[in-house]
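Reading through the structure tokens given below for one structure.
The values are calculated or read from the model by the stated rules, or taken from the named source; none is laboratory data. These numbers were taken from a predicted model, which means no experiment stands behind them. Using ideal geometry, Cβ is built from the backbone for each residue, glycine included, and neighbour counts are taken over all protein chains shown.
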Amino acid sequence: MSHGIMVCDVPLYRDITKVNIHAYLASKLVCVDSVEKLELLAGIDQTYEFIITLAVLDKKDITERVIKIKEKFLPSVPLVIIGHHNTVKTNVGNVLSAYDQLSIVKYIIKQLNWTATDLMNRRIDDFIPVPLSLIAHSPHAIEDLYINPKTQIDEYTLAAKKGDLLKEMIKSWKEMDIYCVYISSKKRLTAISEVTKFAIEGSNIAIESNDEQMEKDAVNQNMEVFSETFSDLNQFEKLSEGAREQVGVLVQKTTILIGKILNRKGTVLNPNLKELINTFNKEDQSYIPQLSFLSMYISIQMMRSESWFNEAVEEKVRYLHFFNNLALFPLYKKHPNFPKTKNISLHYHNLSMKEQELYDWHPKISSNLMSSIPGVPLGLDQLILQHHGTINGDCKSSNINDEISLLSKYCCVAELFAEHILDSEGPLNQKLKEEIIEKMKKQITLRSYLKLMSLLEEIRI
């Protein structure tokens with residue numbers, strides 16, 4: 001399937017555009033939230049057939065920068081700019097509103113010289129995905145809706161019939177970790193038209209309403225979408241589409257969570273911690289953010305079936321995996337010759353004695369830094385200290401201890417599994433998954449950890 005790329009930091013616009021591009025052009029849309037990421041992906045892949053961008057990002061006009069990137073890497077592809085701009089260029093179109101999806105589609109078709117026959121002959125899957133964040137704007141199912149409970153198998157189950165009320169169904173799907181439903185591609189044009197209409201009406205009601213709760217509800221719905229910060233970039237290409245989507249949701253939820261803590265009125269951050277967090281945000285393609293969010297996803301998957309698991313536990317797990325490896329960033333900074341996208345432990349023998357000590361004790365360093373953040377969950381510093389399976393924060397696997405908290409054991413097993421996934425070569429299939437679990441069982445032989453490792457066999461990766 002062909003693909004285009006979009007620069008957009010508004011979740012609702014991204015989702016609406018993705019489903020319309022899929023429905024009308026039988027194309028996938030890769031979405032990024034910065035011009036820098038556009039340049040990165042355009043430099044790697046020159047097969048994008050079109051570019052869509054907001055004119056303004058973070059209150060700054062980005063049109064000239066996007067045009068320069070297009071002319072450098074993708075000179076012949078059409079570019080659609082959404083919003084006001086005065087630039088007149090070949091292969092550059094202007095659509096004033098992201099809600100005007102038909103104008104976006106028509107401009108791309110015209111510039112690519114696609115005929116009606118061309119569009120009819122373009123291959124499209126039997127079912128196309130629609131995020132719940134869009135479906136939720138309609139009180140009833142606009143068409144028969146299907147779910148794909150086994151995301152690695154091309155199997156779809158009818159979950160709601162046209163006209164069924166959706167509120168309770170959507171709640172049930174979210175409890176099942178399903179954030180996307182599917183519609184038959186044969187009925188996609190009318191269905192997506194209705195989905196778009198309800199989404200636009202729903203968002204306008206929220207914007208115009210004086211009811212603060214209604215606005216909050218609209219924001220919450222729009223956050224339950226596929227994050228493009230990580231899920232569309234190639235570091236997670238080994239994961240199934242469903243897993244990438246869920247990792248993306250975690251990225252968004254965690255970004256909001258951390259932002260609320262850091263921007264709390266009166267909070268003064270330890271300068272070292274502030275620098276590490278800024279590095280984390282800038283290095284979103286490097287190994288540490290990959291490891292953090294993948295470990296987070298695996299931990300939560302492992303815990304979901306436990307009776308004690310709840311929203312507060314999930315929040316604590318997200319904090320833990322966000323902060324626990326921050327102290328490793330200085331090692332990457334000291335050694336720019338080491339690939340940022342690789343585990344620095346692979347270069348452990350090249351580190352000085354002092355640097356090896358920093359690596360070995362990074363849980364303790366990160367744990368100590370937590371003391372400067374008011375409002376984080378109680379006991380988070382101890383969880384971070386123990387997340388490599390040791391009581392005192394020494395992360396050498398030979399010192400694995402059975403006397404740490406159960407939550408730390410879950411996160412220890414999840415992070416070790418994530419490390420093996422990121423360090424492995426080739427696609428992540430069932431065979432590789434089994435091989436990784438067997439390696440882990442040889443690394444850690446304590447019964448309580450082995451029991452948790454058995455849960456890895458069931459999680460969706």
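Assorted remarks:
- Residue in the range 37-48 that is assigned to a strand (DSSP E or B) and surrounded by 16 or more Cβ atoms within 10 Å (Cβ to Cβ) present: no
- Number of the exception - N94 against (1) in contact with a helix residue (DSSP H, G or I) (Cβ under 6 Å, 6 or more places away or on another chain); (2) outside any helix (DSSP H, G or I); (3) within 24 Å of F73 (Cβ to Cβ): (1)
- Which numbered condition P11 misses (of (1) modelled with pLDDT of 90 or more; (2) touching a helix residue (DSSP H, G or I) at 6+ places or on another chain (Cβ under 6 Å)): (1)
- Looking across K442, K433, one residue alone is under 17 Å from S295 (Cα atoms) and free of Cβ contacts under 8 Å to residues at least 40 places away in the same chain. It is K433.
- I62 being of a type in the set (A, V, I, L, M, F, W, C), touching a strand residue (DSSP E or B) at 6+ places or on another chain (Cβ under 9 Å) and either surrounded by fewer than 22 Cβ atoms within 10 Å (Cβ to Cβ) or not assigned by TED's automatic domain parsing to the domain that holds Q111 (or both): yes
- Every residue from the range 288-313 that is out of contact with any Phe, Trp or Tyr (no Cβ under 9 Å at 6 or more places or on another chain), in a helix (DSSP H, G or I) and of a type outside the set (V, I, T): L291, Y297, Q301, E311, A312
- The listed residue being modelled with pLDDT of 85 or more, in a helix (DSSP H, G or I) and among the hydroxyl-bearing types (S, T, Y), out of Y146, Y107: Y107
- Looking only at the range 419-461, residues that are within 24 Å of the chain's Cα centre (by Cα), among the β-branched types (V, I, T) and not in a helix (DSSP H, G or I) come to 2 in all.
- Which numbered condition L450 fails, given (1) surrounded by fewer than 17 Cβ atoms within 10 Å (Cβ to Cβ); (2) more than 24 Å from R304 (Cβ to Cβ): (2)
- Qualifying position, being in a helix (DSSP H, G or I), surrounded by fewer than 21 Cβ atoms within 10 Å (Cβ to Cβ) and not hydrophobic (A, V, I, L, M, F, W, C), among K333, K340, K409: K333
- The residue list E419, E425 contains one member that is within 13 Å of N325 (Cα to Cα), charged (D, E, K, R) and assigned by TED's automatic domain parsing to the domain that holds N343, which is E419.
- Top-ranked residue of the range 343-355 - restricted to ones that are polar (S, T, N, Q) and surrounded by 15 or more Cβ atoms within 10 Å (Cβ to Cβ), ranked as nearest to the chain's Cα centre (by Cα): N343
- Scope the range 55-81; condition over 16 Å from D9 (Cα atoms), in a loop (DSSP other than H, G, I, E, B) and not hydroxyl-bearing (S, T, Y); matching residues: L74, P75, V77, P78
- Single residue of the range 278-287 satisfying the filter (assigned to a helix (DSSP H, G or I) and under 20 Å from G248 (Cβ atoms)) that is modelled with the highest pLDDT: Y287
- Qualifying residue in the range 76-90 (condition: closer than 29 Å to N281 by Cβ and either in the same structural domain as Q285 (by TED's automatic domain parsing) or out of contact with any strand residue (DSSP E or B) (no Cβ under 9 Å at 6 or more places or on another chain) (or both)): no
- Among the residues of the range 20-29, the ones that are buried (at least 22 other Cβ atoms within 10 Å of the Cβ) and within 13 Å of A98 (Cα to Cα) come to 1 in all.
- Given (1) modelled with pLDDT under 75; (2) over 17 Å from P377 (Cα atoms); (3) aliphatic (A, V, I, L, M), index of the condition L269 fails: (2)
- Of the set (1) buried (at least 23 other Cβ atoms within 10 Å of the Cβ); (2) more than 25 Å from the chain's Cα centre (by Cα), all apply to S307 but (1).
- In the range 339-359, the residues that are within 16 Å of A418 (Cα to Cα) and at pLDDT below 90 reach residues that are of a type outside the set (F, W, Y) and outside any helix (DSSP H, G or I) with C-beta atoms within less than 7 angstrom, at least six apart or across chains, in these pairs: T341/Q285; T341/S286.
- S240 meets each of the listed conditions (1) surrounded by 19 or more Cβ atoms within 10 Å (Cβ to Cβ); (2) assigned by TED's automatic domain parsing to the domain that holds L380; (3) more than 20 Å from E311 (Cα to Cα); (4) modelled with pLDDT of 75 or more apart from (1).
- Among residues of the range 157-195 being modelled with pLDDT under 85 and under 25 Å from the mean Cα position of the chain (by Cα), the one that is farthest from K253 (Cα to Cα) is M176.
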